[in-house]
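Written out below as structure tokens is the structure these notes cover.
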Amino acid sequence: MHRPNPFHTLTFEPALEALGDDYHDVVAAAEFPRHTLRFRNDALLSTLGLPPTQVTEEDWIAAFGRFEGERAFLALRYHGYQFGAYNPYLGDGRGFLWGQVRGIDGGLYDLGTKGSGTTPYSRSADGRLTLKGGVREVLAAEALHRLGVRTSRCLCLIETGEALYRSDEPAPARSSVMVRVSRSHIRFGTFERLHYLGRKDLILKLLDHVLTVYYPHLLGEPNAYQLFYTELVERTAQLAAQWMAAGFCHAVLNTDNMSITGESFDYGPWAFIPTYDPGFTAASFDYFGRYCYANQPHACRWNLEMLQRPLEAVLAPEEMAVGLAVFEDCYHRTYQERMLARLGFAPPMTLPALELLRQTIQMLYDTQVGYHRFFSDLTGQFTPRWREDKQWMLMLHDFDLTLAQQNLFASWRDCYFGLLNTLPSDQMPEITQRLRQHNPDTVLLRPVIEAVWNPIVYADNWEPFYALLQEVSAPARAGSPSIGQTLGEGLDGGIVPE
Ligand code: AMP
Ligand code: MG
């Protein structure tokens, strides 16, 4: 008997398609000369309701390499502010919405492609994704998920056998199709396009769709639109704080890369910061540092402000100003909580805790010791003995500090010692556990990525990449007591709030 492809038996719910053809174009996928499955995310598959053992390599390739089946693929229409300038010529130029699926947790998930061929929005570009671009997006999403950042994740990566030419990669670059699972592919720019076209009717229809699917708890409230905007401001502020505490620089915070669900997605030239450098810029084309590390919260807030233009269809400027005003508080609260957790502590945010945070940032900035290395050393060296005697406390090996920097570090140690001593000794195991949970051993600094990319280029050896993926998605350091149990397996950020 003919066995259907398990991907065609998913619980589809074509919510966007049902809105009519004002928001998308139906497109066809490209035909590729070769298909090699390079990555399959079995954990995600389970969330979508498919047992991984029932899905063969051939199933993956048929669904996402050859794009077999009767599905209508939708290139989504959107505009956006790119580096501050409005661009009305955007839209899905190298990807499409493959389908929308109801997950076993009840959430609706988008399966979106990247690199699957040209669309009406490709302009003069090729509609393709380089293999390295695909590898980088897989890595970023898994690492951020592990770090508790609310992010899309990659479902699979298929190498497709074409030669590509890019200014930022040696020629010829290998090609790939990546499939991403996200909460939604509706962007701030989806609304901006409708405003640009003067289609208030379509803004209203899309807003009601967004509320119904992604903010159902607000339905029926008399001021549902204002509550929606305020919640989006909160979610976006939290996301910016999550990136900042993780030491992550997204690099291209244009409004076409901002999700209406406040989820992080679309990973291009992203980077983790090597040291605490507020001006660190990840994209070579970000000439003025608009999206540098420390500007990320400002960029997100600016994007939320621009979104007010389309939302004027339903909200008064004063109502939106009230919503936007929650950004600062929400950002700082989340950032402080996350940073405190990286130091091993939990709220309440007392004055000594705030002082420790201040000194930590100051010390990381002044000494330029490795940002991740610092938290990693803190985690590796911590013992409950620190609370008893200052001499056991953290040492920064391998760093040549000036006298002034040594003094700064000594003051930091005093501060940490003081905060530890506000806690009873039976709370020390919790500190250990928190440190291990929030500070991974391996961070995807650029040399780490190059170290797994080179074997792929020179020997088609994928083992180091798989090993790295395992490391960055491992729930916590070895020896950690049952931390795996505190991590959600679903699509939300992995770290469950304490
Ligand atoms: P991004 O910077 O990846 O968010 O992309 C910005 C816009 O350019 C989006 O509309 C993309 O779909 C489009 N785009 C980026 N790269 C390509 C490509 N190689 N071919 C076609 N469109 C592309
Ligand atoms: Mg994009």
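Points to keep in mind about this one:
- Of all residues in region 234-255, those being out of contact with any Cys (no Cβ under 7 Å at 6 or more places or on another chain) and surrounded by fewer than 20 Cβ atoms within 10 Å (Cβ to Cβ) number 1.
- Entry remark, region 436-454: residues being crowded, with 20+ Cβ neighbours inside 10 Å, in a loop (DSSP other than H, G, I, E, B) and of a type outside the set (A, V, I, L, M) number 2 in total.
- In region 391-422, the qualifying residues are those that are within 24 Å of Leu351 (Cα to Cα) and among the aliphatic types (A, V, I, L, M), and the one that is surrounded by the most Cβ atoms within 10 Å (Cβ to Cβ) is Leu420.
- Residue in region 221-233 that is surrounded by fewer than 21 Cβ atoms within 10 Å (Cβ to Cβ), modelled with pLDDT of 95 or more, charged (D, E, K, R) and at negative phi present: yes
- Strands (runs of 3 or more DSSP E) lying entirely in region 1-91 (those with 1 or more residues that are touching a His at 6+ places or on another chain (Cβ under 7 Å)): 73-76, 85-87
- Residues (surrounded by fewer than 17 Cβ atoms within 10 Å (Cβ to Cβ) and touching a helix residue (DSSP H, G or I) at 6+ places or on another chain (Cβ under 6 Å)) located in region 463-474: Pro464
- Considering region 256-282, and only residues there that are surrounded by 21 or more Cβ atoms within 10 Å (Cβ to Cβ) and within 16 Å of Leu445 (Cα to Cα), the residue that is farthest from the chain's Cα centre (by Cα) turns out to be Tyr276.
- Any hit, region 152-165, residues being within 16 Å of ligand 2 (Cβ to nearest atom), buried (at least 24 other Cβ atoms within 10 Å of the Cβ) and in a loop (DSSP other than H, G, I, E, B): yes
- Condition check for Tyr276 on (1) away from ligand 1 (no atom under 16 Å from the Cβ); (2) free of Cβ contacts under 8 Å to residues at least 40 places away in the same chain: one failure, at (2).
- Enumeration of residues in region 84-101 that are more than 13 Å from ligand 2 (Cβ to nearest atom) and either under 15 Å from Glu192 (Cα atoms) or surrounded by fewer than 16 Cβ atoms within 10 Å (Cβ to Cβ) (or both): Gly84, Ala85, Tyr86, Pro88, Tyr89
- Within region 423-435, residues that are exposed (fewer than 14 other Cβ atoms within 10 Å of the Cβ) have Cβ atoms under 9 Å from residues that are in a helix (DSSP H, G or I) in these pairs: Ser425/Pro384; Ser425/Arg387; Pro429/Pro384, counting only partners at least 6 apart in sequence or on another chain.
- Identity of the residue in region 92-118, part of a loop (DSSP other than H, G, I, E, B) and among the β-branched types (Val, Ile, Thr), that ends up nearest to ligand 1 (Cβ to nearest atom): Thr118
Yes/no per residue for (1) within 16 Å of ligand 2 (Cβ to nearest atom); (2) in contact with a Phe, Trp or Tyr (Cβ under 7 Å, 6 or more places away or on another chain):
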residue	(1), (2)
Trp243	no, no
His250	yes, yes
Thr261	yes, yes
Phe265	yes, no
Ala282	yes, yes
His298	no, no
Glu312	no, no
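- Residue within region 248-267 that is under 25 Å from Met363 (Cα atoms) and more than 16 Å from ligand 1 (Cβ to nearest atom) present: yes
- Exactly one residue among Gln100, Gln54 is touching a residue at least 40 places away in the same chain (Cβ under 8 Å) and either under 20 Å from Leu206 (Cα atoms) or in contact with an Asp or Glu (Cβ under 7 Å, 6 or more places away or on another chain) (or both), and that residue is Gln100.
- The C-beta contact set for region 299-319 (first residue touching a residue at least 12 places away in the same chain (Cβ under 8 Å), second residue β-branched (Val, Ile, Thr) and in a loop (DSSP other than H, G, I, E, B), distance under 9 angstrom, 6+ apart or interchain) comprises Leu307/Ile260.
The values are calculated or read from the model by the stated rules, or taken from the named source; none is laboratory data. Being a predicted model, the structure only gives us computed values, none of them experimental. Using ideal geometry, Cβ is built from the backbone for each residue, glycine included, and neighbour counts are taken over all protein chains shown.
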